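Okay, structure first, notes after.
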């Protein structure tokens with residue numbers, strides 16, 4: 001986690017994974033912004049998180065939303081194609097987001113992925129995650145982190 005008083009951007013801060021990242025950052029005294037597809041959602045953080053909508057068609061707006069931050073925690077992905085967003089579009093959106101992060105001068109990317117993303121997978125979800133994973137950020141962020149989370153389906157304390 002970043003040093004105290006740094007600004008972090010968490011994509012999807014009001015979603016399942018993002019809210020846990022935000023809780024931790026806020027507990028450390030960090031300022032947090034979010035980029036979200038649902039800026040109208042109920043804010044579980046009482047207005048302490050600055051909210052901006054994803055706008056992949058306007059890279060300059062993304063850059064403005066990211067400017068001044070040091071770290072991007074990227075949870076952006078689609079679980080299944082929905083409306084106009086396909087896996088291919090999600091890959092393109094991820095590249096736009098990472099390019100905007102580079103343009104904004106962010107120093108660190110933490111990209112959340114899944115276990116076993118593979119271009120050889122018979123499942124488009126896993127192929128897409130591989131294409132959007134850490135490899136997308138390697139040129140601009142050679143020391144970035146890629147966290148591959150999994151769930152055993154068992155409840156733990």
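A few points about this structure:
- Single residue of the range 2-34 satisfying the filter (modelled with pLDDT of 95 or more and touching a helix residue (DSSP H, G or I) at 6+ places or on another chain (Cβ under 9 Å)) that is nearest to residue 77 (Cα to Cα): 10
- Considering 37, 57, the condition of being under 15 Å from residue 94 (Cα atoms) and out of contact with any helix residue (DSSP H, G or I) (no Cβ under 9 Å at 6 or more places or on another chain) is satisfied by 37 alone.
- Hits in the range 97-108 - residues which are under 17 Å from residue 34 (Cβ atoms) and part of a helix (DSSP H, G or I): 97, 98, 100, 101, 104
- Qualifying residue in the range 56-64 (condition: in contact (Cβ under 8 Å) with a residue 12 or more places away in the chain, assigned to a strand (DSSP E or B) and buried (at least 16 other Cβ atoms within 10 Å of the Cβ)): no
- Residues that are closer than 30 Å to residue 85 by Cα and out of contact with any strand residue (DSSP E or B) (no Cβ under 6 Å at 6 or more places or on another chain), drawn from the range 25-45: 36, 37, 38, 40, 41, 42, 43, 44, 45
- Looking across the range 65-84 at every residue that is in contact with a helix residue (DSSP H, G or I) (Cβ under 6 Å, 6 or more places away or on another chain) and not in a loop (DSSP other than H, G, I, E, B), the one that is surrounded by the fewest Cβ atoms within 10 Å (Cβ to Cβ) is identified as 66.
- Flag for residue 34 being outside any loop (DSSP other than H, G, I, E, B) and surrounded by fewer than 22 Cβ atoms within 10 Å (Cβ to Cβ): no
- Candidates in the range 1-18 are the residues that are surrounded by fewer than 18 Cβ atoms within 10 Å (Cβ to Cβ) and free of Cβ contacts under 8 Å to residues at least 60 places away in the same chain; of these, the one that is farthest from residue 68 (Cα to Cα) is 16.
- Hey, residue 23 surrounded by fewer than 17 Cβ atoms within 10 Å (Cβ to Cβ) and outside any loop (DSSP other than H, G, I, E, B) or not: yes
The values are calculated or read from the model by the stated rules, or taken from the named source; none is laboratory data. Note that the structure is a prediction, hence the values are computed from the model and not measured. When we count neighbours, we look across all protein chains shown, and the Cβ atoms used for this are built from the backbone with ideal geometry, even at glycine.
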